[in-house]
1. Quick one: is Thr132 touching a strand residue (DSSP E or B) at 6+ places or on another chain (Cβ under 8 Å), part of a strand (DSSP E or B) and without any contact (Cβ under 8 Å) to a residue 40 or more places away in the chain?
2. Would you mention how many residues in the range 129-144 are open to solvent by 70 Å² or more (accessible area, probe 1.4 Å) and under 14 Å from the mean Cα position of the chain (by Cα)?
3. What pairs come up if the first residue lies in the range 172-192 and is farther than 17 Å from Thr208 by Cα, the second is of a type in the set (Phe, Trp, Tyr), and their beta carbons are under 8 Å apart, counting only those six or more places apart or on different chains?
4. For Thr147, which of the numbered conditions (1) farther than 30 Å from Asn90 by Cβ; (2) among the β-branched types (Val, Ile, Thr); (3) open to solvent by 50 Å² or more (accessible area, probe 1.4 Å) fails to hold?
5. Which of the residues belonging to the range 71-97 are exposed (fewer than 12 other Cβ atoms within 10 Å of the Cβ) and under 15 Å from Asp120 (Cβ atoms)?
6. Go through the range 93-126 and give me each residue that's in a loop (DSSP other than H, G, I, E, B), aliphatic (A, V, I, L, M) and touching a strand residue (DSSP E or B) at 6+ places or on another chain (Cβ under 8 Å).
Amino acid sequence: MLISSKIVEKMQNILDYVAICTFICAAEAPVMMRLTLLILLVFAVAGCEQTVTVTVSTSPEFTISGTPDSTVLADSAYSFTPTLNNTTGNTPTFSIVNAPSWATFSTVDGSLTGTPAVGDVAVYNTIQITATAAGGYTDTLASFSITVSAVPAVPVFTLSGTPTTTVEAGSAYSFTPTLNNTTGNTPTFSIVNAPSWATFSTVDGSLTGTPA
């Protein structure tokens, strides 16, 4: 708050008038003299009506925020760029602690990007991104972790084999297909146009019999 020297001077004058009034009143001065002093006091107060300028300053803002993704699949792209609220007018610089080896970090905008390989499957803990600027401004994003997971294997369910296409009458015939099943589910087999002399298994898909 700024107060001019003129206002200070007039305030001092008011205090002087008050002191004089107190003295005269105590001395039982005539009524006319008391009235005159009162009028002078009013004019003195009126003369202090000046414009007072109050300057309010706020501290510049410098904060970093954002919520990084905590998981990524191997061979998939990862990207995070924090948000910086900077009203200082100073150019920020970013730094990082515990950056994953497969990622690239930008000191210009604080972005963390990269594509982890299958060999990078792991949990990367206590990653911290900090923004700083001239004037002692600094802020650090809450530490976070990134879990790199392996790509789930695609289930396999294939049937193969080469059945014998001929058999002599009175000779045994047998064929069992090969099933490659990684689904974890129990298979069931079926057949179309099975020979009347053959027996078919819905458990393993085998076809057996002896034609007459």
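1. Details: touching a strand residue (DSSP E or B) at 6+ places or on another chain (Cβ under 8 Å): yes; part of a strand (DSSP E or B): yes; without any contact (Cβ under 8 Å) to a residue 40 or more places away in the chain: no.
It is false that Thr132 is touching a strand residue (DSSP E or B) at 6+ places or on another chain (Cβ under 8 Å), part of a strand (DSSP E or B) and without any contact (Cβ under 8 Å) to a residue 40 or more places away in the chain.
2. Total satisfying the criteria: 1.
3. That search, which allows pairs on different chains as well, returns Leu179/Phe157; Asn180/Phe157; Asn181/Phe157; Thr182/Phe157; Thr183/Phe157; Pro187/Phe157.
4. (3)
5. Ala77
6. Our first condition is that a residue be in a loop (DSSP other than H, G, I, E, B); within the range 93-126, this holds for 98-102, 106-111, 115-117, 121.
Within this subset, residues satisfying the condition of being aliphatic (A, V, I, L, M) are 99, 108, 117, 121.
Result: Ala99, Val108, Val121.
The values are calculated or read from the model by the stated rules, or taken from the named source; none is laboratory data. Note that the coordinates shown come from a computational prediction; the quantities given were computed from them, not determined experimentally. Cβ atoms come from the backbone with ideal geometry, glycine included; neighbour counts cover every protein chain shown. These area figures cover heavy atoms from the full protein model, side chains too; ligands, DNA and RNA do not enter into them. Shrake-Rupley method; radii C 1.70, N 1.55, O 1.52, S 1.80 Å.
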